[in-house]
Amino acid sequence: MSYQNFSLKQLQEIDAGHHLHPFTDHKELRAAGSRMVVRADGPYIYDSEGNEILDGMAGLWCVNAGYGRTELAEAAYEQMKELPYYNSFFKCSTPTPVLLSKKLAEIAPANMNQVFYGSSGSEANDTALRVVRRYWALEGKPQKNRIISRKMAYHGSTVAGASLGGMSHMHEQLGGAVPNIVHVMPPYSFELAEPGESEHDFGIRAARAVEEAILEAGADNVAAFIGEPIMGAGGVKIPPESYWPEIQRICRKYDVLLMLDEVITGYGRTGEWFAAQAMGIEADTITTAKALTSGYQPLSALFIGDRVARTLIDKGSEFFHGYTYSGHPVACAVALKNLEIIEREGLVDRVRSDTGPYFRKTLMERLSGHPIVGQVRTFGLLGAIEIVADKETRERFQPSGSAAVRVRDHAIAQGLMMRATDDTMILSPPLIWTRETIDIAADRIEKALDLAARDLGRA
């Protein structure tokens, strides 16, 4: 059945009749109707009405190699013909997850040599929680099971993922989170720094909120701290340079494991294969997904550090955990080819030495002075634009988030897909963007900001 046999209105009616979307006000969407994205190529997506839209979000933080990669489709097809599926239970394996594990160990931080597969970042964080608590139980410290996370963090939308995350609206709807998870202040200096406080001092203070939580619970009761190197869905919150070294010191001092969530930052986005390498963070687990396959197949890979892995292997007996699609052979075949493409085309190096610096320079120079922009920040090919009513006081437009939605809608109308998170506009483009693509995006963002400012009486 081809979608081309249906009109947009018919597809929207079927969508409204049967399809529940993620993170959606269903009543609102059904009144407006979905945008039907029907094809994509390179850095662009195309809707059913023929509109070409530059994708500033790489799908959902994931299409690092860009769209239309025939090699990835062929890798999936060839694997499907040979072996479409077999499980990793019953002391069995298949070649592609074996070879992918070897490749991941080569590009991961030096202490990461074991991989556990799932199908999403949420599943990987569920697994990380299970692994960490299992580790301490095997070490004879089952009471050491509290996890410290951060407010505004996002670690997935399963029960465990939402519990690990720090988004209050998700907790309210959950109606009962996984116990023994607490949340402290995030390293978000734009809103949380005190008057006159330097970035360095704020970073130290934000890190020490973790130390305070450890001391409050007692170090013998704290299993781990979990954090995104750069908080993604919470608004691309980039910590001060002082933050992660202090977090590292605190975790080591109190023998608390460090769980790093690189679902968004992994596979080249920061100018290194992983943000752990770009930011000098030595973790005990690293959660990855999304760009592992550039979104062409669902796959996640949880890296487990040597310290934790040794205990799980040597002392663990059976670990009662796993998924039907753990190490799916087709997904792993696509991941192998995707990593080959990223490596062959030098996309990680390009972000580090060319497009990342140009992205920062362009956005800072062209957008920072806009009357409704309070701050522009970037790291590699991640970017955020704070929308404010007053640049000096950083006062926001009311109701909260409404101005950013205006900017988003104007950006899409101008041909750029951006995301609005509260009062922040965020960007996470495919790694194939060039300087020319960045210039096009900046033009469209400027226009969207101008139109939103006009709507808001700030033109």
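Overview of values
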{"item": "Ellipticity estimate at 222 nm from DSSP helix runs (n ≥ 4, -39,500 (n - 2.57)) divided over the chain, nearest 500", "result": "-12500 deg cm²/dmol"}
{"item": "Convex hull of Cα atoms in the range 1-131, direction-averaged projection (nm²)", "result": "12.0 nm²"}
{"item": "Which label in (i) 127, 41, 41; (ii) 64, 61, 45; (iii) 72, 68, 54 gives the computed Cα extents along the principal axes in Å", "result": "(ii)"}
{"item": "Neighbourhood charge, 10 Å Cβ-Cβ cut-off, centred on Asn338 and excluding it, Lys, Arg +1 and Asp, Glu -1", "result": "-1"}
{"item": "Whole-Hz couplings from phi, Karplus 6.51/-1.76/1.60, listed for the range 227-237; x for Gly and Pro", "result": "x, 7, x, 10, 5, x, 5, x, x, 6, 8"}
{"item": "Net charge contributed by nearby residues that have their C-beta within less than 15 Å of Arg444 (K/R +1, D/E -1)", "result": "-3"}
{"item": "Portion, in percent, of the accessible area of the chain that falls on carbon or sulfur, probe 1.4 Å", "result": "51 percent"}
{"item": "Rel. contact order, % - alpha carbon contacts under 8 angstrom, at least six apart, the range 1-112", "result": "13 percent"}
{"item": "Asp15/Arg39 FRET efficiency (R0 22 Å; Cβ-Cβ; nearest 0.05)", "result": "0.80"}
{"item": "Environment charge at Gly227 (Cβ cut-off 9 Å; Lys +1, Arg +1, Asp -1, Glu -1)", "result": "-1"}
{"item": "Close Lys-Lys pairs in the range 1-119, where close means Cα under 30 Å and separation is 8 or more or interchain", "result": "6"}
{"item": "Contact order normalised by residue count of the chain, Cα under 8 Å, 6+ apart, percent", "result": "19 percent"}
{"item": "Share antiparallel - DSSP beta bridges, the chain, percent rounded to 5", "result": "65 percent"}
{"item": "FRET efficiency, 1/(1 + (r/R0)^6) with R0 45 Å, evaluated for Leu215 and Asp390 via beta carbons", "result": "0.75"}
{"item": "Prolate/oblate/rounded label for the range 235-357 (Cα gyration tensor, a/c 1.5)", "result": "oblate"}
{"item": "Long-range amide H partners of Ile181 with built H, under 5 Å", "result": "Ile147"}
{"item": "Residue-normalised accessible area of the range 267-350, given per residue in Å² at a 1.4 Å probe", "result": "35 Å²"}
{"item": "Extension gain (nm, one decimal) between Asp306 and Asn87, 0.36 nm per residue minus Cα-Cα", "result": "76.3 nm"}
{"item": "Where the range 1-151 is the region considered: accessible area per residue in Å², 1.4 Å probe", "result": "56 Å²"}
{"item": "Contact order relative to length of the range 324-459, as percent, for alpha carbon pairs under 8 angstrom and 6 or more apart", "result": "22 percent"}
{"item": "Beta bridges per DSSP with both ends in the range 222-330, % antiparallel, nearest 5", "result": "40 percent"}
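The values are calculated or read from the model by the stated rules, or taken from the named source; none is laboratory data. Fair warning: this is a prediction, and the values are worked out from it, not measured in the lab. All Cβ positions, even for glycine, are placed from backbone atoms using ideal geometry, and neighbour counts span all protein chains on display. We work out accessible area using only protein heavy atoms, side chains counted, and drop any ligands, DNA or RNA first. Shrake-Rupley method; radii C 1.70, N 1.55, O 1.52, S 1.80 Å.
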